[in-house]
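K.L.:
Below: one structure in structure tokens.
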Amino acid sequence: MVKVEDGQTVEIHYTGTFDDGTEFDSSHSRGETLTFSVGSGQVIQGFNDAVLGMTIGESKTISI
């Protein structure tokens, strides 16, 4: 399986929540993915780092 590397463009769905579980943002609610080039500085570093090494269809929970 292909793993995400720097320089690749990815399309992802995400849901952002506060520590108490309150949702503050969601690509699902908008009905569109977030597209960015990994390693380009388009998203915050912790988010960028979290997608590195992921594969198509993989889900992950992260805290930033």
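K.L.:
If I ask for residues that are of a type in the set (Gly, Ala, Ser), closer than 14 Å to Gln8 by Cα and under 11 Å from the mean Cα position of the chain (by Cα), which ones from region 38-49 would you list?
P.N.:
Those that are of a type in the set (Gly, Ala, Ser), closer than 14 Å to Gln8 by Cα and under 11 Å from the mean Cα position of the chain (by Cα): none in region 38-49.
K.L.:
Could you please let me know if Val43 is in a strand (DSSP E or B) and modelled with pLDDT of 95 or more?
P.N.:
Answer is no for this residue.
K.L.:
If Gly53 satisfies every condition in (1) in a loop (DSSP other than H, G, I, E, B); (2) without any contact (Cβ under 8 Å) to a residue 40 or more places away in the chain; (3) surrounded by 10 or more Cβ atoms within 10 Å (Cβ to Cβ) but one, which is the exception?
P.N.:
(2)
K.L.:
While we're on this one: So Gly21 clears everything in (1) exposed (fewer than 12 other Cβ atoms within 10 Å of the Cβ); (2) in contact with a Gly (Cβ under 9 Å, 6 or more places away or on another chain); (3) assigned to a loop (DSSP other than H, G, I, E, B) except one condition, right? Which one?
P.N.:
(2)
K.L.:
Moving on to the next point. Could you go through region 30-37 and let me know if any residue there is among the hydrophobic types (A, V, I, L, M, F, W, C), in contact with a Gly (Cβ under 7 Å, 6 or more places away or on another chain) and surrounded by 10 or more Cβ atoms within 10 Å (Cβ to Cβ).
P.N.:
no
K.L.:
I need the full set of residues from region 1-38 which are hydroxyl-bearing (Ser, Thr, Tyr) and touching a Leu at 6+ places or on another chain (Cβ under 9 Å), in order please.
P.N.:
Tyr14, Ser27
The values are calculated or read from the model by the stated rules, or taken from the named source; none is laboratory data. These numbers were taken from a predicted model, which means no experiment stands behind them. Glycine gets a Cβ as well: all are built from the backbone with ideal geometry, and neighbour counts include every protein chain shown.
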